[in-house]
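The values are calculated or read from the model by the stated rules, or taken from the named source; none is laboratory data. From a predicted model like this one, the values you see are computed outputs, not experimental measurements. Please note: Cβ atoms are built from the backbone with ideal geometry, for glycine as well, and neighbour counts cover all protein chains shown. Keep in mind that these areas ignore ligands, DNA and RNA; they rest on the heavy atoms of the full protein, side chains included. Shrake-Rupley method; radii C 1.70, N 1.55, O 1.52, S 1.80 Å.
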Amino acid sequence: MVLTAAEIAASVRAGTLDPVNVVKEALDRIAATDGVVGAFRRVRAEEALAEAAEVAARPDLATLPLAGVPVAVKDVTAISGEFASHGSVAGPSSPAGEDGVIAARLRAAGAVLVGLTRVPELCIWPMSDTPDGIARNPWEPTYAAGGSSGGSAAAVASGLVPLAHGTDGLGSIRLPAAMCGLVGLKPGADRLAEGGWFGMSVHGPLATTVADAAVLFSVLAADPSLATITTPGAVRIGTSTTVPVLHSPVPRELVAAVSRAADLLTAAGHTVAPGAPKYPASAILGISARWCAGPAEQAEDFDFARLQRRTRTHVRLGQLFRKAGFVRERTKQRWVARAEEFFADHDVLMTPTLSHWPAKAARWHERRWASNVVPSLRLAGFTGLWSLAGYPAISVPVGRAPASGLPTSVQLVTRPGGEPLLLGLAAQLEAANPWPRTSRG
């Protein structure tokens, strides 16, 4: 059994674990397993061992929240001496001269950055494959690990590392977390927004336990108080298993996860009843416009001719949407007003995280744009709108589908500033219904 991040950090702080040995063991697991899982674009073996030795010698070792913990970082953020590829061969490849905010905060907390995880080009798709590899679901490798934080999810779910960093623009943390049976938190836009995709993209944690997710969230947000999980008082939870606006069918095992979680939360003293916001159809157009226009804006720094065929089509559409003025702030505000109406009478919304089963693991980057769009739209029916609103949301494992063995999960959403409430509810679900942490056992 792979230790949790909390267990590793506590033992390193106490002097009973050597960070170098911890990282060596993680690198050994990566070497033995990643050829199948495909989680990493680059493994920083030599660098990580050197950094682990530096952590061991730090005078503040006893105070570090992630002391000696191997962490995987999504291939989208600046790390000194590395370049962020964003899943593409078309972008700049000059190494960063210094750490960005995310890497700097991880290092300050004592984490060791063992590698950069695989993402789809420009993080557009919920399938994380590139010309040199496919991020596979560790529970059933014939399925994709999700995206765009699919490599991060695969690394954690396979037990290669206990924690990984991700970003979420339309579900890019929650979707792979749900597919791989992990806790995945999308913080509110007021916490960790990076400005990408017109403010929808935020940084967040993927973990096997709620406690680990809370610690990484606190480090990324530079707020130690967020690591403390408190048991919430009775709250009002609305449940919905109907895909907003589209009303597309949801597999029954994914619907059943909501019923199971509802029973558990009712037993914990919460009021749980059917209920959902009044979703405006314009919100779907709003997230679609940003989904295309965000990557189009980013692609201005890339060699267009070297982008994948599907990406070129996506970028062209995004350019048209930007020129036509389809990225409108009032679309977001209309949706936020509807969301505020719902949360005036509810504290939390609970839905399935996924609106469909994951796509099969394949070389999706070689396929046409339309072939990628169809599975993408089928998967993200419950997640994207909350990225547009900027509200915090978390994916929590619930069970396992009998036929495929794939994990099932629920999404919990609350008003801005409510991440502690989401983590507290997730911890109650975890205590009442423990899940298998990794595919390694």
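GLU25: within 30 Å of MET179 (Cβ to Cβ), modelled with pLDDT of 95 or more, out of contact with any Pro (no Cβ under 7 Å at 6 or more places or on another chain) and open to solvent by 60 Å² or more (accessible area, probe 1.4 Å), yes or no?
Details: within 30 Å of MET179 (Cβ to Cβ): yes; modelled with pLDDT of 95 or more: yes; out of contact with any Pro (no Cβ under 7 Å at 6 or more places or on another chain): yes; open to solvent by 60 Å² or more (accessible area, probe 1.4 Å): yes.
The answer is yes for GLU25.
Can you name every residue in segment 299-316 that is polar (S, T, N, Q) and within 25 Å of the chain's Cα centre (by Cα)? Give the steps one after another, and end with the answer.
First, the residues of segment 299-316 that are polar (S, T, N, Q): 308, 311, 313.
Matches in segment 299-316: GLN308, THR311.
Please pick out the residue among ALA401, ALA359 that is in contact with a helix residue (DSSP H, G or I) (Cβ under 7 Å, 6 or more places away or on another chain), farther than 26 Å from GLY133 by Cα, open to solvent by less than 20 Å² (accessible area, probe 1.4 Å) and of a type in the set (A, V, I, L, M).
Working: ALA359 fails: farther than 26 Å from GLY133 by Cα.
From the options ALA401, ALA359, the qualifying one is ALA401.
In segment 404-439, how many are in a loop (DSSP other than H, G, I, E, B) and touching a residue at least 24 places away in the same chain (Cβ under 8 Å)? Before the answer, list the steps.
To start, the set of residues in segment 404-439 that are in a loop (DSSP other than H, G, I, E, B) comprises 404-406, 414-418, 433-439.
In the following step, the residues that additionally are touching a residue at least 24 places away in the same chain (Cβ under 8 Å) were identified as 404-406, 414-418, 433, 435-439.
Result for segment 404-439: 14.
Residues are listed down the side, and each one gets a yes or a no for (1) open to solvent by 20 Å² or more (accessible area, probe 1.4 Å); (2) within 18 Å of ARG338 (Cβ to Cβ); (3) assigned to a loop (DSSP other than H, G, I, E, B):
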| position | (1), (2), (3) |
| --- | --- |
| GLY238 | no, yes, no |
| THR242 | yes, yes, yes |
| HIS247 | yes, yes, yes |
| ALA261 | no, no, no |
| VAL272 | yes, no, no |
| ILE287 | yes, yes, no |
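Pairs only if they're at least six apart or on different chains, beta carbon under 8 angstrom, first in segment 349-374 and at positive phi, second buried (at least 24 other Cβ atoms within 10 Å of the Cβ) and part of a loop (DSSP other than H, G, I, E, B); list them, first residue then second.
Qualifying pairs under 8 Å: none.
Go through segment 149-216 and tell me which strands (runs of 3 or more DSSP E), entirely inside it, have 2 or more residues that are among the charged types (D, E, K, R) and modelled with pLDDT of 95 or more.
No strands (runs of 3 or more DSSP E) qualify here.
Restricting attention to segment 391-431, which residues are farther than 16 Å from LEU182 by Cα, touching an Asp or Glu at 6+ places or on another chain (Cβ under 9 Å) and at pLDDT 95 or above?
PRO392, THR414, ARG415, PRO416, GLY417, GLY418, LEU421
Just for segment 28-40: of the residues that are in contact (Cβ under 8 Å) with a residue 24 or more places away in the chain and assigned to a helix (DSSP H, G or I), which one is most open to solvent (accessible area, probe 1.4 Å)?
We begin by selecting, within segment 28-40, every residue in contact (Cβ under 8 Å) with a residue 24 or more places away in the chain; these are 29-30, 33-34, 36-40.
After this cut, where a residue has to be assigned to a helix (DSSP H, G or I) as well, the list is 29-30, 33-34, 36-37.
Details: ARG29: 42, ILE30: 10, THR33: 32, ASP34: 25, VAL36: 92, VAL37: 10 Å².
Out of the qualifying residues, it is VAL36.
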